[in-house]
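One structure is given here, and the rest of the page talks about it.
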Amino acid sequence: MSMILFAYVARVTDGLPLSASTDFECSRELQECKKQLKVVSKMLGQFPGRGTVKSNQLHIHFTSSQGIAYMTICCSYYPTTMAFCFLEELGMEFISSFEIAKIHMVSRPYAFLEFDSIIQKIKWHYNYSNRPSIKISVTNIQRELKVTPPRQVNVDDIIVSNGTLNGHLLLQSSPAPSYRLEPVSAVGILSVILNIMCGALNLIRGVHLIEHNFQDGDEEKGSVIAFLIAFITCVFQMLLDRLCFSRTFYHITDRSCSDHQPLQKNNWLIQAQRKSV
């Protein structure tokens, strides 16, 4: 039975996939683990050189070097040292096969998919011989893991929900801001009423002018157009005043901030009102 199930190469800066192993195993847990691996690949800038994501039966191990990350999915009972030996050898082969400058310039996903043939050879060697090649020293890897153990990443931090990450491994120091509509003031109500009255008067006068135009000829076409433009302008002004007075947003700070920092709350309100005007 294979113990190294999947291998993946990605760019650290943007998580762009560069190459991956072609696998035909379609177990549900492996597919879920692959989704988690791809999420982790987009968060590599937040992790140190080595890390591990542990689940019930499968583990994700990853390491990065020279801006390139090498990731693998292994069975939970597979030794961690051997998994990182596999990643170390994978990195050596990838760097020797492609130029660093070319790797950082590509924009197409899986631009180095031909590397899959080398991945399959290394996988086969580790799965069936259960030992690294001559290029890799197990003693050195064990020593490095003791000095700097791989970062243990919690599965809950990388679960995808509705297309977004539940956590970005960053703690927020303050609660998220909340917003609400400010009630319309008396001046705003008066302005809306006056604009409605002006618009209605212009509409009535425009209708009368149209009636006289039909009776007297084309002499008053300019007046009709002028009054219609004035009516449309009043309607637009009424809507604009309504938006300015009723959709003013202001920041509602938490209770502790409002008790100790009333001036900061007022500043938020003043800035929001200025923006609305």
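The values are calculated or read from the model by the stated rules, or taken from the named source; none is laboratory data. Bear in mind the structure is a predicted one, so any value in this text is a computation, not a measurement. Here the Cβ is made from the backbone with ideal geometry for all residues, glycine too, and neighbour counts use every protein chain on show.
Miscellaneous remarks
- Across the stretch 18-64, the number of residues qualifying as over 25 Å from residue 141 (Cα atoms) and among the small types (Gly, Ala, Ser) comes to 1.
- Scanning the stretch 69-111 for residues that are among the charged types (D, E, K, R) and more than 31 Å from the chain's Cα centre (by Cα), we see that the one that is nearest to residue 150 (Cα to Cα) is 89.
- The conditions of being touching a Gly at 6+ places or on another chain (Cβ under 8 Å) and assigned by TED's automatic domain parsing to the domain that holds residue 127 are not met by residue 55.
- Members of the stretch 94-110 found to be surrounded by 11 or more Cβ atoms within 10 Å (Cβ to Cβ) and out of contact with any Pro (no Cβ under 9 Å at 6 or more places or on another chain), listed by number: 94, 95, 97, 98, 100, 103, 104, 106
- When the stretch 2-14 is filtered for residues that are of a type in the set (Gly, Ala, Ser) and modelled with pLDDT of 90 or more, the ones remaining, listed by number, are 7, 10.
- Only one of the numbered conditions (1) charged (D, E, K, R); (2) more than 19 Å from residue 120 (Cβ to Cβ); (3) without any contact (Cβ under 8 Å) to a residue 40 or more places away in the chain is not met by residue 34, and that is (2).
- If you go through the stretch 10-40 and keep only what is more than 21 Å from the chain's Cα centre (by Cα) and within 21 Å of residue 108 (Cβ to Cβ), you end up with 19, 20, 21, 22.
- Scope the stretch 48-59; condition loosely packed, with under 13 Cβ neighbours inside 10 Å and either in contact with a Pro (Cβ under 7 Å, 6 or more places away or on another chain) or under 23 Å from residue 101 (Cα atoms) (or both); matching residues: 48
- Within the stretch 10-30, residues that are of a type outside the set (A, V, I, L, M) have Cβ atoms under 7 Å from residues that are part of a loop (DSSP other than H, G, I, E, B) in these pairs: 11/67; 13/67; 15/42; 17/109; 17/110; 19/110; 19/112; 29/57, counting only partners at least 6 apart in sequence or on another chain.
- Some residue of the stretch 84-93 being at pLDDT below 90, part of a helix (DSSP H, G or I) and out of contact with any strand residue (DSSP E or B) (no Cβ under 7 Å at 6 or more places or on another chain): no
- Filter result for residue 26 (among the hydrophobic types (A, V, I, L, M, F, W, C) and either in contact with a Pro (Cβ under 9 Å, 6 or more places away or on another chain) or modelled with pLDDT of 90 or more (or both)): no
- Members of the stretch 1-47 that are crowded, with 21+ Cβ neighbours inside 10 Å, hydroxyl-bearing (Ser, Thr, Tyr) and more than 17 Å from residue 59 (Cα to Cα): 19
- Filter pass, residue 62 being outside any helix (DSSP H, G or I), of a type outside the set (Ser, Thr, Tyr), in contact with an Asp or Glu (Cβ under 6 Å, 6 or more places away or on another chain) and surrounded by 22 or more Cβ atoms within 10 Å (Cβ to Cβ): no
- Any pair with Cβ under 9 angstrom, 6 or more apart, that starts in the stretch 191-212 at a residue that is in contact (Cβ under 8 Å) with a residue 24 or more places away in the chain and loosely packed, with under 14 Cβ neighbours inside 10 Å and ends at one that is part of a helix (DSSP H, G or I) and of a type outside the set (A, V, I, L, M): 196/234
- Unmet requirement for residue 85, which otherwise passes all of (1) touching a His at 6+ places or on another chain (Cβ under 8 Å); (2) hydrophobic (A, V, I, L, M, F, W, C); (3) under 25 Å from residue 129 (Cα atoms): (1)
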